[in-house]
Ligand code: MCA
Ligand code: AMP
């Protein structure tokens with residue numbers, strides 16, 4: 001299945017229908033039909049081609065949500081160019097790794113982030129690109145792509161602390177869109193409020209794909225803002241919202257009457273990327289009159305499991321496998337376990353990525369006989385509902401953003417005065433978890449100075465929220481740090 005054929009049901013089939021309203025840098029708001037959107041990406045594709053981009057080349061972007069990100073995505077799908085999204089919160093060190101690994105022809109970004117791009121890689125200014133594309137004729141010259149054509153390389157950190165690129169194909173995105181539109185009954189009648197960042201799979205792989213596949217209407221905002229979120233709901237009157245649990249915690253701040261009125265116009269609230277606490281689901285139901293639908297996915301697999309649209313949305317569970325995706329719970333030897341027994345989730349389906357970019361070792365480790373090992377631990381009840389119970393790695397998820405402690409620990413160990421360091425997650429009522437640093441350091445080492453260095457080098461959500469000086473790290477006889485004992489070691 002070619003992804004563009006799916007998009008064309010909307011881009012061409014519904015050319016005169018309203019497609020998108022987007023907040024643009026500078027404060028303007030733009031509205032476009034699907035036909036106008038199609039023309040914009042044709043123009044941009046012509047410009048990218050003129051700049052030498054061809055099928056299989058990579059093009060990175062480091063941008064907050066704006067229309068140009070959508071144009072870039074559709075233009076690259078048309079050209080068979082592989083999109084490499086970069087989190088706008090990343091600093092030079094994190095951007096440098098992705099750019100060095102994916103070797104994009106250029107990074108599209110703003111003057112703010114340009115200095116963080118390695119000097120050898122061209123930087124294309126987003127505003128200039130948009131202006132120049134607008135001067136070109138809108139003529140469709142698309143490549144013939146198929147399900148196996150790579151569409152994106154999305155970086156996701158491994159346990160090594162070094163991010164790996166998951167190669168997601170046209171077929172992966174199409175399968176994900178069809179599964180979600182079917183499971184959640186997304187149609188052209190929907191109105192989707194898009195507040196998730198477009199540089200991650202939740203916003204890009206679910207939001208944008210469901211919108212283009214269904215032909216519904218999308219309202220794009222630059223980022224989720226707790227002060228403005230309610231006003232967006234009231235003025236746009238969406239029917240559909242996808243969010244991370246932190247967004248739902250923030251939405252609970254609404255006055256009951258306001259929340260009820262917003263809920264009355266909504267059809268479906270979906271949560272994912274991190275566990276949704278059962279009490280948040282319950283408080284949200286009381287306040288908005290909706291049971292949030294929780295689902296489970298990964299960058300490497302897009303969406304795997306979802307609570308049902310019709311039927312019981314069971315708090316604390318992620319529901320049942322999505323159409324076309326097989327899920328098995330297996331023991332460490334790779335054998336499927338019985339109902340209610342704990343094991344690792346293995347998944348297989350057209351949604352699962354082709355492997356890791358130029359990492360045959362990591363690909364071979366993750367895939368066994370066509371099954372992908374997620375690293376997530378869970379159980380399946382006798383009636384099929386799956387509950388996640390943890391992860392094989394010590395990943396921290398804060399506000400829906402992933403943090404690998406190893407990356408922070410490795411940085412800390414390079415700083416003067418630090419002898420040993422361990423980073424662990426601590427529960428947080430709004431963000432789910434936040435990172436805490438435990439350090440063994442020389443007398444006179446200033447923890448505030450360490451924090452300043454970390455803030456300069458890493459994305460803000462990775463900066464430990466608490467710094468604890470300890471005499472020694474708790475270790476096993478083999479020398480492995482026992483992270484679950486860190487808090488106790490600090491108290492003693
Ligand atoms: C957060 N910050 C941002 C952004 N988001 N800065 C710029 N642009 C953003 N988009 C920074 C702030 O500067 C601040 O840094 C810190 O993050 C917290 O921001 P705050 O305003 O206090 O917001 P919040 O109320 O805590 O909410 C944060 C958020 C954000 C909006 C929920 O965490 C977010 O957008 N999360 C979504 C992540 C996501 O899309 N994950 C999907 C991954 P400072 O602390 O320095 O002040 S894909 C995935 O996991 C799989 C596939 C799946 O299953 O979906
Ligand atoms: P990422 O690498 O950003 O794609 O993050 C994927 C990870 O997020 C998964 O492996 C899970 O550990 C976690 N995740 C996604 N959805 C959920 C959910 N609904 N509940 C708990 N964890 C989730």
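Evaluated on the range 150-307, the Kirkwood hydrodynamic radius is 16.1 Å, with distances taken between all distinct Cα atoms.
Remark: the range 103-192 projects, on average over all directions, an area of 10.0 nm² (convex hull of Cα atoms).
As an exercise, use a Förster radius of 30 Å and the Cβ-Cβ distance of residue 483 and residue 258 to find the FRET efficiency, rounded to the nearest 0.05.
Plugging the Cβ-Cβ distance into 1/(1 + (r/R0)^6) gives 0.15.
Once the Cα-Cα distance is subtracted from the 0.36 nm per residue extended length, the residue 460 to residue 381 segment shows a gain of 24.6 nm.
Between residue 228 and residue 428, the FRET efficiency from the beta-carbon distance, with R0 = 22 Å, is close to 0.45.
Here is the size of the range 334-492 from its Cα atoms: Rg then Dmax, 18.7, 58 Å. Ranking of 3, 252 by neighbouring Cβ atoms within 10 Å, starting from the fewest: 252, 3.
Remark: relative contact order (the chain) = 12 percent; criterion is Cα-Cα distance under 8 angstrom and separation of 6 or more residues. Each peptide in 123-136, 467-480, 212-225, 389-402 was scored by the mean count of other Cβ atoms within 10 Å over its residues; highest first, the order is 212-225, 389-402, 123-136, 467-480. Hey, could you get me the Stokes-Einstein D for the chain, Kirkwood radius over alpha-carbon pairs, 25 °C and 0.890 mPa s, rounded to whole µm² s⁻¹? For the chosen part, D equals 104 µm²/s. The coefficient of translational diffusion for the range 78-122, derived via Stokes-Einstein from the alpha carbon Kirkwood radius under 10 °C and 1.306 mPa s, stands at 145 µm²/s. Across every pair of non-identical alpha carbons in the range 13-161, the mean reciprocal distance, once inverted, gives a Kirkwood radius of 16.0 Å. With the simple spin-label model, which puts each label point 7 Å out from Cα in the Cβ direction, the residue 368 to residue 471 separation comes to 4.3 nm.
In the calculated pair distance distribution of the range 173-245, what percentage of Cα-Cα distances lie above 19 Å?
Here the tail beyond 19 Å accounts for 29 percent of pairs.
With helices as the sole contributors, the chain gives -8500 deg cm²/dmol at 222 nm; each DSSP H run of n ≥ 4 counts as -39500 (n - 2.57), and the sum is divided by every residue.
Coordinate-derived values only; no laboratory data. The structure presented is a predicted model; accordingly, all values stated were derived computationally and were not measured. Counting neighbours? That spans all protein chains shown, and the Cβs are built from the backbone with ideal geometry, glycine included.
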